[in-house]
Protein chains: 2
Amino acid sequence: MTDQAFEAHDHDACISGGVASVEQICADRGLQFTRTRQRVLEILLSEHKAMGAYEILDILRADGLGSQPPVAYRALEFLTKHGFAHRIERLNAFIACSHLEDPHAPVFLICRSCDRVVEAESDPSKGEIGRAAKQAGFVIERAVREAEGLCPGCSKPA
Amino acid sequence: MTDQAFEAHDHDACISGGVASVEQICADRGLQFTRTRQRVLEILLSEHKAMGAYEILDILRADGLGSQPPVAYRALEFLTKHGFAHRIERLNAFIACSHLEDPHAPVFLICRSCDRVVEAESDPSKGEIGRAAKQAGFVIERAVREAEGLCPGCSKPA
DNA sequence: TCTTGCTACGATATATCGTAACGACTATGC
DNA sequence: GCATAGTCGTTACGATATATCGTAGCAAGA
């Protein structure tokens, strides 16, 4: 259910695999995976933490790919709209998706100590939010579920 | 489990009752329920929707209670820290608590049409977030659970 | 009385996050 | 080719949030 970002793993594969998968999906769906969009995805994939739009923009600027906020926000909008990245509301920041396979309803675990973020999956229509909504006659269109705390590594005594 | 904000109710009682309850709790706990803090709570209670800090600040300014951002943010920090109000991450905005009774883990239902927000309750250690966290060995300190969609009134055909 | 510590308040300045609007370029389908 | 959708680059601005410094009031204790 969760991926392994809190544990050791082949991180280069995260990046190359992620980019290749998205490239393929875009080709299948007739989406334009432009240079800027690809670069933003790479930037997001380069860390298992959420990055602010301006932090991303700084890197784009260094790469000569655009230096004004709308450049970053447009690429992020594309990526989030198509499920290749997610916005972390709690942090006003973005992270690459780690469950590209299917339409999904992510749950995020945010470590306040090392800043790493893990994406887990589960159906929001079940569970507490769904129950609360049903009781109130509320139709859910989007659910934000983000937990903040300590990851296994950071909660261990030093 | 949910309160009645999506339905008709005696709204004056929401305000006066809310202020009185918080006043009592502050007295019990030795907290200073100052004029600005009380006014901000009243402002939040005056609507069942989330309000931005600057919207609140505009009202404070009109009341002669302070006109600079920190005035509003400090009052909001007090109210949220002690559980008298909550921050809605999805909206970068704040709402009065409607479950003052006990320590709690709120779930919010946000109507994108009429902007009303309802606070429901449930234990985050159970359910999907808790399950995901347990599986990852993650220690939850705070959980954000916000659903966006349509309330009963707004989802009915016109 | 004087000092100390604490909490709250006021004000300035700045950091951070996000979008509206416009004109130019480019990919794609006809 | 040509029309049109989509994309890009830039300017300007709006919205949200915090850092920092200084002050006022109050209570405890020397």
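Between A:Ile59 and B:Ser155, the modelled label-to-label distance comes to 3.9 nm, taking each label 7 Å out from Cα in the direction of the beta carbon. Each of A:Gln135, A:Leu45, A:Val19 was scored by the projection of its Cα onto the charge dipole of chain A, and the greatest displacement toward the positive side belongs to A:Gln135; charges sit on the C-beta of Lys, Arg, Asp and Glu. Amide H contacts of A:Ala93: A:Ile88, each under 5 Å away and 5 or more positions distant or on a separate chain (H built 1.01 Å from N in the peptide plane; Pro and chain starts excluded). Taking Cα centre as origin and charging only the Cβ of basic (Lys, Arg, +1) and acidic (Asp, Glu, -1) residues, the dipole magnitude of region A:49-158 rounds to 240 debye. Using θ = phi - 60° in the Karplus curve 6.51 cos²θ - 1.76 cosθ + 1.60, the 3J(HN,Hα) couplings for region A:105-114 round to 10, x, 10, 10, 10, 10, 7, 7, 8, 9 Hz; x is entered for Gly and Pro. In chain A, the longest principal axis of the Cα atoms and the axis of helix A:11-29 are about 90 degrees apart.
In chain B, the longest principal axis of the Cα atoms and the axis of helix B:35-45 are about 50 degrees apart. Dipole size of region A:2-43 about its Cα centre, with +1 on Lys/Arg Cβ and -1 on Asp/Glu Cβ: approximately 380 debye, rounded to the nearest 20.
Relative to the Cα centre, the charge distribution of region B:84-147, modelled as +1 at Lys and Arg Cβ and -1 at Asp and Glu Cβ, gives a dipole magnitude of about 260 debye.
At a probe radius of 1.4 angstrom, the accessible area of the protein assembly as shown per residue rounds to 49 square angstrom.
Label separation (A:Ser113 vs A:Arg35): 4.3 nm, computed from points 7 Å beyond Cα along the C-beta direction. With contacts taken as Cα pairs under 8 Å at a separation of at least 6 residues, region B:11-153 carries a relative contact order of 19 percent. Heavy-atom accessible area buried between chains A and B is around 3300 Å² (1.4 Å probe, both sides summed). Can you give the FRET efficiency for A:Asp10 and B:Lys134, using 1/(1 + (r/R0)^6), R0 = 22 Å, r = Cβ-Cβ distance, to the nearest 0.05? Step by step, r from the Cβ atoms, then E = 0.30.
Counts of other chain beta carbons within 10 angstrom of each beta carbon in peptide B:108-115 average 3. For the protein assembly as shown, which whole percent of the accessible surface, found with a 1.4 angstrom probe, sits on carbon and sulfur atoms? C and S atoms contribute 49 percent here. Axis angle, to the nearest 10 degrees, between helix A:53-62 and the longest C-alpha principal axis of chain A: 20 degrees.
With θ taken as phi - 60° and the Karplus curve 6.51 cos²θ - 1.76 cosθ + 1.60 applied, the whole-hertz 3J(HN,Hα) list for region A:78-92 is 4, 5, 6, 4, 9, x, 8, 8, 10, 9, 9, 4, 4, 10, 6 Hz, x standing for glycine and proline. In region A:27-107, a dipole from Cβ-located charges (positive for Lys and Arg, negative for Asp and Glu) runs towards its positive end, and of A:Ala96, A:Thr36, A:Pro70 it is A:Pro70 whose Cα lies farthest in that direction.
The values are calculated or read from the model by the stated rules, or taken from the named source; none is laboratory data. Remember, it's a predicted structure, so these values are computed and weren't measured experimentally. We place every Cβ from the backbone using ideal geometry, glycine too, and count neighbours over all the protein chains shown. Side chains are part of the model used for accessible areas, which takes the heavy atoms of the whole protein and leaves out ligands, DNA and RNA. Shrake-Rupley method; radii C 1.70, N 1.55, O 1.52, S 1.80 Å.
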